[in-house]
Every structure is written in structure tokens, then in C-alpha cells.
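> Mind looking over this structure? Questions follow.
The values are calculated or read from the model by the stated rules, or taken from the named source; none is laboratory data. The shown structure was predicted, so the numbers you read here are calculated from the model rather than taken from an experiment. Note: ideal-geometry Cβ built from the backbone for every residue, glycine included; neighbour counts use all protein chains shown. Side chains are part of the model used for accessible areas, which takes the heavy atoms of the whole protein and leaves out ligands, DNA and RNA. Shrake-Rupley method; radii C 1.70, N 1.55, O 1.52, S 1.80 Å.
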Amino acid sequence: YLKNINSGIDNDFDTAVEYCENKGTQVYNAAECRHEENGASRSYSLGEGMSFEIIYNAYYFEESSDENEYSVCTMFTYNDHNFFFTGDLEKHGEEKMAAYYDGSTPEKTLPKVDLFKAGHHGSPTSSNNCLLEKIEPEICAVCCCAGNTEYTKNYNNVFPSQEFIDRISKYTDRVYVT
């Protein structure tokens, strides 16, 4: 957890973390949960055939003026099926992630995924080709208020954006939007 945003949600989170720490709970950030002491990627078992790992995000270590870039990114695996969640990560974070996962080693290779939860509600700045070409999603879920103009009157930026739809349609026609 790198920064202090003055939002109600962030303040509630900080209060909850402080409460837990005061009760003796050990608190870790995403970077600390990502690697074993020997530097290997850490996988967490969730039961028979199920696991998850925290996927590299440069903004676990770097500062950004965009709070969305701090999203914790996870890969859930069930047997041979992969489910990828990037939170609200946007273009700069995805570009850094794609550069990190260059395929040079198994550790630096993202698998093809059965389900990709689209980044940042299918915004124009999320789910970019640099990442999509690595994960080649079979199914994409977009969590948003489809077509709602609450955040913008600019129709091109209503979630999911047409830019996002144009990008994801190159990889799958199985796109589900809330």
C-alpha cells in the first residue's frame, strides 16, 4: 500500500488496517505477497486443484498520479483453467505488465486465460492489445453500469467504451457486460 488518497473508501481502508494491526494482525502489501524469500513467485493454494497468485504490477513499487494503476492483479487457476483479474489497471500499468511478462522464462510468461475480467470497467484506457495478445482471453467479463452516463456525458467514454469493444473483439466474441 503505497500512498494515501483522501477518499472516504481509502480512509475506511486505512482505519480497518490500523484496527487489525492494533489487534496483532500481520499486514502485507501486494509486493510482499508476490514473492517468496528466494525471489520465486508465490502461489497460494485454495484447495484441490485451485490456486491464485498476485501478478506483477510495476505500481506495487512505483508512484503514479492515477490511483487505478495501484490495482492488485491476480490470476486464479483451477486445474488447467486460468482466470485473470486486473482491477482498474489502465494503459500505463498494462504496458509495464506486458513488458515484464516478455515470455523469456516461465516466471515471465502469462498463460492464455479462460476468463479475463476487463480492466477499469471497459474504459478507453484499459484492456489494451499489449496485454490481450499475451493472454488471448476466451471469455471477457466487464463489470460496469453499461451505457450509464453518470460519470460522463461523452458517449465515447461511457462504459464499456467502443474503443474497448473494438480491442476485445479481436480476441473473443464472448463478452459479457453487467
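> Kindly identify the chain as rounded, prolate or oblate by the Cα gyration tensor criterion: order the square roots of the eigenvalues as a ≥ b ≥ c, call it rounded if a/c is under 1.5, otherwise compare a/b with b/c, prolate if a/b is larger, else oblate.
Oblate, since a/c reaches 1.5 and b/c is not below a/b.
> Further question: Treat every Asp and Glu Cβ in the stretch 12-53 as -1 and every Lys and Arg Cβ as +1, leave all other atoms uncharged, and give the resulting dipole magnitude about the Cα centre to the nearest 20 debye.
Computed about the Cα centre, the dipole is about 100 debye.
> Find how much the distance from Q162 to E63 grows on full extension, using 0.36 nm per residue of separation minus their present alpha carbon separation; answer in nm with one decimal. Please report the intermediate quantities before stating the final value.
Numbers: separation 99, 0.36 × 99 = 35.64 nm, distance 2.94 nm.
Stretched fully, the Q162-E63 segment lengthens by 32.7 nm.
> Hey, can you grab everything whose amide H is under 5 Å from the amide H of N82? Only 5+ residues off in sequence or another chain; H modelled, so Pro and N-termini drop out.
Residues meeting the criterion, in which the H sits 1.01 Å from N, are D114, L115.
> For the stretch 12-61, run through the GluC sites (Glu not before Pro) and keep only the ones in DSSP coil with at most 14 other Cβ atoms within 10 Å of their Cβ. Spell out each step's value before the answer.
Details: sites: E18, E21, E32, E36, E37, E48, E53; in loops: E36, E37, E48.
Within the stretch 12-61, the qualifying GluC sites (Glu not before Pro) (loop, at most 14 other Cβ atoms within 10 Å) are E36, E37, E48.
> Solvent-accessible area per residue for the chain at a 1.4 Å probe radius, Å²? Each step should come with its number before you reach the end.
Details: 10400 Å² over 178 residues.
On a per-residue basis, the chain sits at 58 Å².
> Is there a quick way to get the dipole size of the chain? I mean about its Cα centre, with the Cβ of Lys and Arg at +1 and of Asp and Glu at -1; what is the value in debye to the nearest 20?
Working: 14 positive and 30 negative charges, 84 e Å.
Taking the Cα centre of the chain as origin, the dipole is about 400 debye.
> Next question. Using 7 Å Cα-to-Cβ label points, what is the E48/E107 separation (nm, one decimal)?
Going from the E48 label point to the E107 one covers 3.2 nm.
> Residue-wise, which Karplus ³J(HN,Hα) couplings in Hz belong to the stretch 74-89, taking 6.51 cos²θ - 1.76 cosθ + 1.60, θ = phi - 60°, and x for glycine or proline?
With the stated coefficients, the stretch 74-89 comes to 10, 10, 9, 10, 10, 6, 9, 9, 10, 10, 10, 10, 10, x, 9, 3 Hz.
> Name the residue from A30, N82, M50 whose Cα lies farthest towards the positive end of the charge dipole of the stretch 25-85, charges +1 on Cβ of Lys and Arg and -1 on Cβ of Asp and Glu.
So the residue we want is M50.
> Measure off, as a whole percent, the carbon and sulfur share of the 1.4 Å-probe accessible area of the stretch 1-135, all protein chains present. Please list the in-between numbers first.
Numbers: 3880 of 7520 Å².
Roughly 52 percent of what the probe reaches on the stretch 1-135 is carbon or sulfur.
> While we're here: With +1 on the Cβ of every Lys and Arg and -1 on the Cβ of every Asp and Glu, and nothing else charged, how large is the dipole of the stretch 47-131 about its Cα centre, in debye rounded to the nearest 20?
Working: 5 positive and 15 negative charges, 52 e Å.
So the dipole magnitude of the stretch 47-131 works out to roughly 240 debye.
> Compute the FRET efficiency between R174 and N22 as 1/(1 + (r/R0)^6), taking r as their Cβ-Cβ distance and R0 = 45 Å, and round to the nearest 0.05. Don't skip to the end; give the middle numbers.
Working: r = 46 Å, r/R0 = 1.03.
Taking R0 as 45 Å, the efficiency between R174 and N22 is 0.45.
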